[in-house]
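Taken together, the values in this text are just the output of simple stated rules run on the coordinates, not laboratory data. What you are looking at is a predicted structure, and each value in this text was computed from that prediction instead of being measured. Cβ: placed from backbone, ideal geometry, glycine included. Neighbour counts: every protein chain shown.
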């Protein structure tokens with residue numbers, strides 16, 4: 001599992017650091033638009049997601 005997480009982390013960081021879609025045009029300096037993301041990974045069957053679904057449903061119902 002650690003290998004998958006490391007590969008995913010490398011892929012995401014690479015996308016943010018090298019992808020031209022994350023750079024301003026050269027006329028504006030060519031700098032990165034977004035810094036490295038902060039993200040997390042969790043299990044899909046975590047009970048917290050049931051609470052999120054209920055909350056999102058209530059907010060969207062209003």
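At a Förster distance of 35 Å, what's the computed FRET efficiency of residue 23 paired with residue 53, Cβ-Cβ distance as r, to 0.05? Don't jump to the answer; show the numbers that get you there.
Working: r = 37 Å, r/R0 = 1.05.
Efficiency, rounded to the nearest 0.05: 0.45.
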Can you compute the helix-only [θ] at 222 nm over the chain? Use -39500 (n - 2.57) per DSSP H run of at least 4 residues, normalise by all residues, nearest 500 deg cm²/dmol. -16500 deg cm²/dmol
Relative contact order of the chain, pairs being alpha-carbon contacts under 8 Å that are 6 or more residues apart, as %: 21 percent
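After finding the eigenvalues of the alpha carbon gyration tensor for the chain, what semi-axes result from the square roots of 5 times each, listed largest first in whole Å?
Details: eigenvalues 220, 86, 8 Å².
In descending order, the three semi-axes are 33, 21, 6 Å.
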Taking only Cα atoms, what is the 0 to 90° angle, nearest 10, from helix 48-61's long axis to the longest principal axis of the chain? 90 degrees
Roughly what would the spin-label model give for residue 5 and residue 45, points 7 Å off Cα along C-beta, in nm? 2.0 nm
